[in-house]
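To start, the structure under review is shown below, and the notes come after it.
Throughout, read-outs are computed from the coordinates displayed, never taken from laboratory work. Just so it is clear, the structure is predicted and the values come from calculations on it, not from any experiment. Quick reminder, even Gly has a Cβ in these numbers, built from the backbone with ideal geometry, and neighbours come from all protein chains shown.
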Amino acid sequence: MWFIVSRTGILKGLAYMPASKSHSVRANFFGLLSKDASVAHIRDPPNDAYMMANVVKEFGGSVSIEGSRWVFRGVGDDLEVPKNVIDVGNSGTGLFISYAVSALLDA
């Protein structure tokens, strides 16, 4: 299977999805790759979500957690090379998305 990926314009809007471990991991990476603030409401976040928040910080983004409200400050394509080993815990989804994000680095 082949995928063709190309840049598009600005993506805006709201997305509602049921609670899921994988969705909470993806929310972290969407927040990282945005250029502005992004908000996700993650109820009962699994440990993987917190592990991914640490990964977001390693790539230069920031995460503020207040209850179920997670606010991400993304870096867009201005990713930082991580200074530490990326620890995704036991998250396969986080591992694969981290691979993809790492491929975007200008290192």
Expressed as a rounded percentage, what relative contact order does the chain have, with Cα pairs under 8 Å and six or more residues apart? 26 percent
Given (i) 0.95; (ii) 0.98; (iii) 1.02 as possible values of Rg/Rh (Cα atoms, Kirkwood Rh), the one from the coordinates is (i)
Suppose R0 equals 25 Å; then what is the FRET efficiency for LEU14 and ASN47 from their Cβ-Cβ distance, rounded to the nearest 0.05? 0.40
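Between VAL85 and LEU104, what length comes free when the chain is fully extended (0.36 nm per residue of separation minus the Cα-Cα distance, one decimal in nm)? Walk me through the numbers on the way to the answer.
Values: separation 19, 0.36 × 19 = 6.84 nm, distance 1.69 nm.
My answer for the length gained is 5.2 nm.
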When a footprinting reagent is the concern and you count Cβ atoms within 10 Å, what order do ILE86, ILE4, ILE97 take, fewest first? ILE4, ILE86, ILE97
